[in-house]
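Structure first, commentary second.
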Amino acid sequence: MNFVYANEDHSTIINEKNGVVFITFPKLVKAGICHGFSTRIGGVSEGHLSSMNLSFTRGDDPEKVQENFRRIGAAIGFDAKDLVLSSQIHETEIRKVTAKDKGDGIVRETVSGIDALVTDEAGIPMYTSYADCVPLLFYDSEHHVAGMAHSGWRGTVAKIGAKFVAYIQREYGSKPENIIAAIGPSICRSCYEVGEEVAEEFKQVFLPEEIPLIMDDKGNGKYQLDLWKANELILTQAGIRKENLDITDICTCCNSDKLFSHRASHGKRGNLGCFMCL
């Protein structure tokens, strides 16, 4: 599979099963955690949704979306009918998931306004959706807690990653040094141009010496923003050890033939999915 890589870190693994291609992360694989990030490859959707669209809100045939969920579940290793779907609004609300929530978003309406999911119960597959925003994955190896957070630029400014770490510390007794984390496929610095308004939001919450690490000033009110580096800073400052963190080397926009990208498609696209299950 010929992906364009942003660097030579080899921090992602490309998998294929029954024609379905998905991405995993070495440290989570080593920990034995069922997880995966979908690609466009291996589904039944057509046109600009081709072929593994995982959204019921992009104008796709719901039966095709259901079949896509079934296929990606079979490939990664979970039963799609048990999925719990998020309903994201670029905020920082975290939802604790239990067995009674199985099927939320798949067989019935899901709770709205949720940008992060977490559980300590086995057999509950969780889903968050993407098309350039940053997926954050977490696993506490001591307390057997897993979860994901959706971190677009707004979520990054709000430091949802740090809020997630604080949440599982409070709710489960997790220690940051025991957390394995991953920053998943999303738009890279070279592809992500933002204006003065967005740049100013970052300048308000990051230290002056951190700004050159996460942003290049191109002049004329334009900046190249690095959400990967910004989230790395957030997570390591929250106490996650760098040796426990995988950072993606795959950009959704650079690989828009294999991954849905809102920016590359000017909004005419499907949704990717990130999945975790204990």
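The values are calculated or read from the model by the stated rules, or taken from the named source; none is laboratory data. Not measured: the values here are computed from a predicted model. Reconstructed Cβ throughout: ideal geometry from the backbone, glycine too, with neighbour counts over all protein chains shown.
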Condition first: among the small types (Gly, Ala, Ser), within 17 Å of CYS188 (Cβ to Cβ) and assigned to a loop (DSSP other than H, G, I, E, B). Can you find one or more residues in region 6-23 that meet it?
yes
Scanning region 148-167 for residues that are part of a helix (DSSP H, G or I) and surrounded by fewer than 24 Cβ atoms within 10 Å (Cβ to Cβ) gives TRP153, ARG154, VAL157, ALA162, LYS163, ALA166, TYR167
Can you find a residue in region 47-63 that is of a type in the set (D, E, K, R), modelled with pLDDT of 95 or more and part of a strand (DSSP E or B)?
no
Limited to region 96-117, what total is found for residues that are in a strand (DSSP E or B), under 23 Å from ASN68 (Cβ atoms) and either among the basic types (Lys, Arg) or at pLDDT below 80 (or both)?
1
Based on what the data block shows, is SER129 among the polar types (S, T, N, Q), touching a residue at least 12 places away in the same chain (Cβ under 8 Å) and not in a strand (DSSP E or B)?
no
Pairs under 7 Å by beta carbon, first residue free of Cβ contacts under 8 Å to residues at least 40 places away in the same chain and in a loop (DSSP other than H, G, I, E, B) in region 185-212, partner of a type in the set (A, V, I, L, M) and crowded, with 19+ Cβ neighbours inside 10 Å, six or more apart or different chains?
PHE206/ILE214; GLU210/LEU233
HIS143 meets each of (1) free of Cβ contacts under 8 Å to residues at least 60 places away in the same chain; (2) assigned to a loop (DSSP other than H, G, I, E, B); (3) under 16 Å from the mean Cα position of the chain (by Cα) with one exception, condition (3)
